[in-house]
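Everything on this sheet refers to the single structure shown next.
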Amino acid sequence: MRRRLPSYTALVSELESKTRYDPSEVEPRIAREWLASGLFHPEPEGEAASNYSIAIPPPNVTGSLHMGHAFQDSIMDCLIRYHRMRGQRAKWILGTDHAGIATQMQVENLLASEGTSRQELGREAFERRVWQWREEYGGTIIEQLKRLGASCDYADERFTLDPAYADAVLGVFVALHEKGYIYRDRYIVNWDPGTRSAISDLEVEDREVTDTLYYIDYPLASGSGAVTIATVRPETMLADTAIAVHPDDDRYRRLIGETAVLPIVGRRLKIIADDYVKPEFGTGALKITPGHDPNDFDIGRRHGLQQLSVIGEDGRITDQAPERFVGMTIGEAQEAVVAELREQGLIARTEPYTHTVPFSHRSGERIEPLVSLQWFMAMDELARPAIEVVTSGRVRFYPERWTRVYLDWMENIRPWCISRQLWWGHRIPVWYRGEDTSVGLSAPPGDGWTRDPDVLDTWFSSALWPFATLGWPERTAELRAFYPTDVLVTARDIIFLWVARMIMMGLEFTGEIPFDDVHIHAVIQAPDGRRMSKSLGTGIDPLDLILGGPRPPVFTEGGNFPAYGADALRWGLLAMASSQDIRFSEEKVAQGLQLTNKLWNASRLILLRIDPDARPAINPSTVEDRWILSRLERATASIQARIESYDFSHAALELYDFVYGELCDWYLELVKPRLYEREQSVSETLLHVLTRTLALAHPIIPFVTEEIYGFVPGASGLLAAGVAGEDGAIDEPAEETLARVIEAVRALRGWRDHAGVKAGAQLTARLAADGYEETAEHVARLARVVFSDDGEEPVEAVPVPGGAVEILAGDGLDLEAAQRKRDAVRARIEKEIALAERKLANQGFVEKAPAAVVQAERDKLARLTADLEAL
């Protein structure tokens, strides 16, 4: 895709009118052109081994673009564009997740604002209302991805409740049930009172909470005393069915087998021995409540204890408790139970107790462990091959340390509760009639069958994402061409929720791993190190950075962001990429904008000054031409290697260094006289270097490179430019020659600055150094000196590679002013050295300050000392 200009005159005319690069004008226009071109929709030809594909972690249909999305999508787009330019068919599988709980809560809140509820609407009407909501709001994040420049396959967008995808999900349920992996059982689950649904262990987050620890006396039935038990949940004692002690605890060994009386209720509780009990916690005796604690549930099963549920799914006390408590909330019941215990004198003491408590990641409410009839999935058999493909290296984690995290969880995997008490989602394909149960894709023949009201956990359907999006279970051309995918790019928090389950499902149903590599990217934090959150005032909307929206409160500087544009944001995010969590840096985004502006201005200079008949070609005629071709080859090889090894930070920074430093600051300055003369060889070389640089930069900053490429004469499109290197382009002698020039110019510029020489003044000097036969003119022009063979005594000698440049007296040099400036600089450096030495001589600072701070002070002292010596 490129702009077709009728002539070089037309090119010059349009470029001359574009004095500055405006991302707010360019980026939306280029995005529209990309979408119209069909470039992002590869035809499903060939086999997956020769093609390249990535499946996007499907954003929730409720969502809008946040900084985590922008970071992750910038990484994936860099990979997709890079492999597309390598000539591969590259497909970025796109779609959204129905997000069962999140979407249902959104619509329920909307209904509440209208004075109604899903119960009043009924299930079918509620589902229709959710589909309407999805049609109205579900495309928000897709449009935002386009604005970011994400080159997804928008023509083939998927949704996890699309009919074909839904059929695949239900078919998997039926198949796993037939193999005995899916079963129904009464088991203790994480009950979320906020959503009125069971949720999995992985949807639970632990928070530190300070509760009151009550020490309660349970009288022995023999009348010979009491067993004191510590608990933070006195209301659940109404469902106690035993007391447990450790078998080796001498304090209680004699009581094992006796009974105690449950206060308030009067039920007899057997005192049992179990190795789970921790003698050091509380009093060493544990009340056992199988219906309301997962560990007690396991103990209860081992000892055949009764399971009572005194807390219902609505969060209120059930009729299995004494009548006076029935209908109370959990908080009300706790107050009432404590009051009765105090009245009976059974609370020995209380103390504050800080501990971790599970909360729902979905609703934010405290989890209530309840015994519930749910659908579960046994994971052991599915986990074994998913462990083997990682230990054998078929699936590789980057960074490698996440391999152990994955394996530790997989090797201790537990059954997965896959049913959810919701209406929005994939309804479980099970029918009931009396005592009969039927599992299948449709209701069995006959009357009276009722379908299970629950839906599947959203992560169950997401586990099929890499292959169900490509038409599985049909053997489609898309599946052959793009499955397995090449890499999964995701965050660490869903390694268990999603990554592991995709590997298990992929192996089970396709016989293939779903991806070769798993790149676990860092988490981007707010600038102050807190998590990004709109409610905390620390969330940063990527579109505000792209378009120039308001800065959130976490920034000390108010007002709006500049309109940085998508390229600047993408470059900034990739430059921030790290194996560790990172703090967001607006400075990096600003640096990305500097890069796009520099590349635009340099390209404009080249295109307006070249020989009108020139076309991109390798036609070096000078040492500096050979040097830039060599440096371009090294930059290309290094940046490509960085991208292929998921080292995006170094790829972005090396691109910046090449464009800003070697191309613009050195090569363009070196060849300006030839360029202004419209010399053909330098025009051809510059066009070649420009097209290769644009191709190299395109995966990282696609908009500005696409815009510039449209002006390059004779260029056939960025895809055609490719990313391959040039054999034989490395020229070490040229690199050594130009390295001497660069070092000499820097030395002379540094001396001018220290000596206070005015920027426009030309100095007279004598070149007393070897190795500048081809390049003395460059050194003189860039350092603003005139070389002379005059034999007069120099006023100063500036060391350069191969010798020195001797500065001669002249109009441009004020020796007294130079000395005064040197004296002032020397005094400042000596003062800073003294301060650093005093600080490092302070033992309190050296011993108490962080090691990094102390080392930084030592490094500073070494640098100042070197500066003083050089001065």
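Below is a table of values for the structure above.
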item: Residue among Leu170, Leu213, Leu220 that alone is touching a Phe, Trp or Tyr at 6+ places or on another chain (Cβ under 6 Å) and either aliphatic (A, V, I, L, M) or at pLDDT 90 or above (or both); result: Leu213
item: Index of the failed condition, Ala734 passing every other in (1) over 15 Å from Val689 (Cβ atoms); (2) at pLDDT 95 or above; (3) open to solvent by less than 10 Å² (accessible area, probe 1.4 Å); (4) not polar (S, T, N, Q); result: (1)
item: Residue among Arg394, Arg420, Arg401 that alone is crowded, with 20+ Cβ neighbours inside 10 Å and among the charged types (D, E, K, R); result: Arg420
item: Residue tally, condition in a helix (DSSP H, G or I) and either of a type in the set (Val, Ile, Thr) or open to solvent by 10 Å² or more (accessible area, probe 1.4 Å) (or both), over the stretch 94-116; result: 11
item: Members of the stretch 608-632 that are modelled with pLDDT of 95 or more and assigned to a helix (DSSP H, G or I); result: Val623, Glu624, Asp625, Arg626, Trp627, Ile628, Leu629, Ser630, Arg631, Leu632
item: One residue from Leu11, Leu39, Leu79, Leu94 being under 13 Å from Leu145 (Cα atoms) and either out of contact with any Lys or Arg (no Cβ under 9 Å at 6 or more places or on another chain) or in contact (Cβ under 8 Å) with a residue 24 or more places away in the chain (or both); result: Leu94
item: Every residue from the stretch 460-478 that is surrounded by fewer than 21 Cβ atoms within 10 Å (Cβ to Cβ) and assigned to a helix (DSSP H, G or I); result: Ala477
item: One residue from Ser64, Ser13 being surrounded by fewer than 16 Cβ atoms within 10 Å (Cβ to Cβ) and under 16 Å from the mean Cα position of the chain (by Cα); result: Ser64
item: The stretch 197-238, subset polar (S, T, N, Q) and within 15 Å of Thr283 (Cβ to Cβ), residue surrounded by the fewest Cβ atoms within 10 Å (Cβ to Cβ); result: Thr228
item: Any hit, the stretch 506-518, residues being within 19 Å of Ala463 (Cβ to Cβ), modelled with pLDDT of 95 or more, open to solvent by less than 10 Å² (accessible area, probe 1.4 Å) and in a helix (DSSP H, G or I); result: yes
item: Selection within the stretch 546-564 - outside any loop (DSSP other than H, G, I, E, B) and either buried (at least 16 other Cβ atoms within 10 Å of the Cβ) or in contact with an Asp or Glu (Cβ under 7 Å, 6 or more places away or on another chain) (or both); result: Ile546, Leu547, Pro550
item: The stretch 366-390, subset in contact with a helix residue (DSSP H, G or I) (Cβ under 7 Å, 6 or more places away or on another chain) and in a helix (DSSP H, G or I), residue most open to solvent (accessible area, probe 1.4 Å); result: Pro385
item: Candidate set: the stretch 606-643, residues that are touching a residue at least 60 places away in the same chain (Cβ under 8 Å) and within 22 Å of the chain's Cα centre (by Cα); chosen: the one surrounded by the fewest Cβ atoms within 10 Å (Cβ to Cβ); result: Gln640
item: Unmet criterion (only one of (1) in a helix (DSSP H, G or I); (2) open to solvent by 20 Å² or more (accessible area, probe 1.4 Å)) for Arg81; result: (2)
item: Enumeration of residues in the stretch 275-290 that are over 44 Å from the mean Cα position of the chain (by Cα) and not β-branched (Val, Ile, Thr); result: Gly284, Ala285
item: The stretch 16-25: number of residues that are charged (D, E, K, R) and open to solvent by 70 Å² or more (accessible area, probe 1.4 Å); result: 3
item: Within the stretch 286-328, considering residues that are of a type in the set (Gly, Ala, Ser) and in contact with a helix residue (DSSP H, G or I) (Cβ under 8 Å, 6 or more places away or on another chain), the one farthest from Arg196 (Cα to Cα); result: Ala321
item: Filtered residues of the stretch 139-157 (kept if surrounded by 21 or more Cβ atoms within 10 Å (Cβ to Cβ) and over 20 Å from the mean Cα position of the chain (by Cα)); result: Asp153
item: Filter result (modelled with pLDDT of 75 or more and either part of a strand (DSSP E or B) or farther than 30 Å from Tyr667 by Cα (or both)) within the stretch 802-822; result: Gly803, Ala804, Val805, Glu806, Ile807, Ala809
item: Answer from Tyr656, Tyr646, Tyr709 - the residue that is aromatic (Phe, Trp, Tyr), at positive phi and within 37 Å of the chain's Cα centre (by Cα); result: Tyr646
item: Gly180, sole failed condition from (1) assigned to a strand (DSSP E or B); (2) out of contact with any strand residue (DSSP E or B) (no Cβ under 7 Å at 6 or more places or on another chain); (3) not hydrophobic (A, V, I, L, M, F, W, C); result: (1)
item: Meets criteria (of a type outside the set (A, V, I, L, M, F, W, C) and free of Cβ contacts under 8 Å to residues at least 60 places away in the same chain) for Gly139; result: yes
item: Complete set of residues in the stretch 479-504 that are touching a His at 6+ places or on another chain (Cβ under 9 Å) and either in a loop (DSSP other than H, G, I, E, B) or open to solvent by less than 30 Å² (accessible area, probe 1.4 Å) (or both); result: Val487, Leu488, Val489, Thr490, Ala491
item: When residues of the stretch 668-714 are limited to those that are polar (S, T, N, Q) and open to solvent by less than 10 Å² (accessible area, probe 1.4 Å), the one farthest from Ile730 (Cα to Cα); result: Thr705
item: Extreme residue, farthest from Thr705 (Cα to Cα), among residues of the stretch 26-40 that are in contact with a helix residue (DSSP H, G or I) (Cβ under 7 Å, 6 or more places away or on another chain) and surrounded by 16 or more Cβ atoms within 10 Å (Cβ to Cβ); result: Phe40
item: Boolean, Ser53 is surrounded by 20 or more Cβ atoms within 10 Å (Cβ to Cβ) and assigned to a strand (DSSP E or B); result: yes
item: Matching residues in the stretch 119-135 - criterion: being in contact (Cβ under 8 Å) with a residue 24 or more places away in the chain and either over 35 Å from the mean Cα position of the chain (by Cα) or closer than 19 Å to Thr96 by Cβ (or both); result: Arg123, Glu127, Val130, Trp133, Arg134
item: Any chance Gly791 is touching a strand residue (DSSP E or B) at 6+ places or on another chain (Cβ under 9 Å), of a type outside the set (Asp, Glu), over 23 Å from Leu690 (Cβ atoms) and open to solvent by 30 Å² or more (accessible area, probe 1.4 Å); result: yes
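The values are calculated or read from the model by the stated rules, or taken from the named source; none is laboratory data. Everything quoted here is computed from the prediction, not taken from an experiment. Backbone-built Cβ (ideal geometry, glycine too); neighbour counts: all protein chains shown. With ligands, DNA and RNA removed, areas are computed over all heavy atoms of the protein, side chains included. Shrake-Rupley method; radii C 1.70, N 1.55, O 1.52, S 1.80 Å.
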